[in-house]
Each structure stands twice: as C-alpha cells, then as structure tokens.
Amino acid sequence: MNIKIMKSIFSDNQNLANENRVYFNENNLSVINVLASPGAGKTSTIMELIKCFSSYNIGVIEGDIASSIDAEKISKMGVKSVEINTDGACHLNAISILEATKNLSISNGIVFIENIGNLVCPSEFDLGEKLKLLIASVPEGDDKPYKYISIFQKADIIALNKWDLESVVEFDYAYFERGVKAINPKAEIIKISCKNKLGLEYLANSIKEYTKNTYESK
C-alpha cells in the first residue's frame, strides 16, 4: 500500500514538472536545480555564479526547512528571490516551484533553485529544470558517489567545492572521479572554490552551454 502511495506522489509531481517546462519555455527561463548536502556551499556558489551572469535577468528560489537567511543574502545583491519554507519536508516539489517562479516575475533569464540540503529526497523529484547542478564538497569525503548513487547519477554538472581544502583533508580525487564515471559518465566534474574563486568562470561557461538560448538582459 505504501508503494502505491509513493508512486502516486511521483507520478503527480512528474505531471506538474512537465507543466513547469511548458511555462519555463514560454517565458524563456533556464531553470537550474542546485542540489547538495547541508554546508556544501550551495548559497555561496549561487552568489558567485550570479556575479558571472551579471548581464542576465536572474531570479533565485531559496528552499529551506525554516528561516529566510539565504534569501536575504541574495536580495542584498539586488537579485529577486523567493523563499520556500518546507516546514520539515526534505525536498522541493514541482507545484511549489511554479508558484515561486511566477512570484519572481521575470522572463528571458535564469532561475537558480537552491534545493533543500539533502542528498537523498531531492533526487527523486523533477522540478521541470533544464539543468541539475550538484555541489559536492571536499570535506564531505571522496566516497559520496558510492553512497548516494541516485543524485550523482542524475546530475548534469558536478561542482566539487572547497577544493582549496583538498590537501588538508586528503581527498582522493581519482577515487571520487571513478565513482562518478561508473554511474554517470556524461557528467562533467568541475573543481571550484568560492574562497579563492577557482573554477567559477569555467563552471559558469559550462552552465551557459545549457542556457545558450536564454537572452541576456543587457
């Protein structure tokens, strides 16, 4: 009985995600679903990417279990942001994203969705996005692709954040890469550091390949 309920949830969400795609396409919005565990650097990476996309219309949807701390950080940059508090839910769903996107009131641009910090639940819920950007961080360890297969398998780009700490925590990049390529050979792995700005322009250019049909605002 529980399996039937879960199938219904996923099926309903998928239908809504497909409706989201129609809305996004009609408004020329490239939507990027940013996934990561808590503390991996989702907000910091989004803030750095906003700087790289300064000539674009940008909106950010901040998903949090509680608080509006991250949305306030984005707003201080002069970027439109909408907060979604899930009150304990471990993921965002398609219906909440459509409402939040409409509240942003932008078109011909890019919308970053900062999903809930979790490497399990968010991977199961399509939001209608064009790109899944997974942020893994060096201090989390090099074994995450082996433990959280679904989210690594579905990622389009994997940004390996906090690379400046690689030598400190003895991160085995070859082991990490083998784990990723075994389940998702097409995913691009990009080493970044929000602290010293390593790889951020390269990451932005990779994202632009997915958003190349989106008009710049200037």
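The values are calculated or read from the model by the stated rules, or taken from the named source; none is laboratory data. Computed from a predicted model, the values in this text were never measured in an experiment. Note: ideal-geometry Cβ built from the backbone for every residue, glycine included; neighbour counts use all protein chains shown.
Residues are listed down the side, and each one gets a yes or a no for (1) under 13 Å from the mean Cα position of the chain (by Cα); (2) within 30 Å of D142 (Cα to Cα):
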residue: Q14; (1), (2): no, no
residue: I32; (1), (2): yes, yes
residue: L49; (1), (2): yes, yes
residue: C52; (1), (2): no, yes
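Residues in segment 19-52 that are surrounded by fewer than 12 Cβ atoms within 10 Å (Cβ to Cβ) and either farther than 30 Å from I190 by Cα or modelled with pLDDT of 95 or more (or both): V22, E26.
So, in segment 100-114, exactly how many residues are within 17 Å of the chain's Cα centre (by Cα) and either acidic (D, E) or surrounded by fewer than 20 Cβ atoms within 10 Å (Cβ to Cβ) (or both)?
In the first step, residues of segment 100-114 are kept if they are within 17 Å of the chain's Cα centre (by Cα); the result is 100-101, 109-114.
Cutting the leftovers down to either acidic (D, E) or surrounded by fewer than 20 Cβ atoms within 10 Å (Cβ to Cβ) (or both) gives us 114.
Residues that pass the stated criteria total 1.
The residues in segment 77-99 that are of a type outside the set (A, V, I, L, M) and either under 15 Å from D12 (Cβ atoms) or at pLDDT below 90 (or both) can be counted, and the count is 8. Taking the listed residues V138, V168, the one that is buried (at least 21 other Cβ atoms within 10 Å of the Cβ), more than 12 Å from the chain's Cα centre (by Cα) and not polar (S, T, N, Q) is V138, with no other qualifying. Can I97 be described as buried (at least 21 other Cβ atoms within 10 Å of the Cβ), over 23 Å from N161 (Cβ atoms) and either among the polar types (S, T, N, Q) or in contact (Cβ under 8 Å) with a residue 12 or more places away in the chain (or both)? So I97 passes the test.
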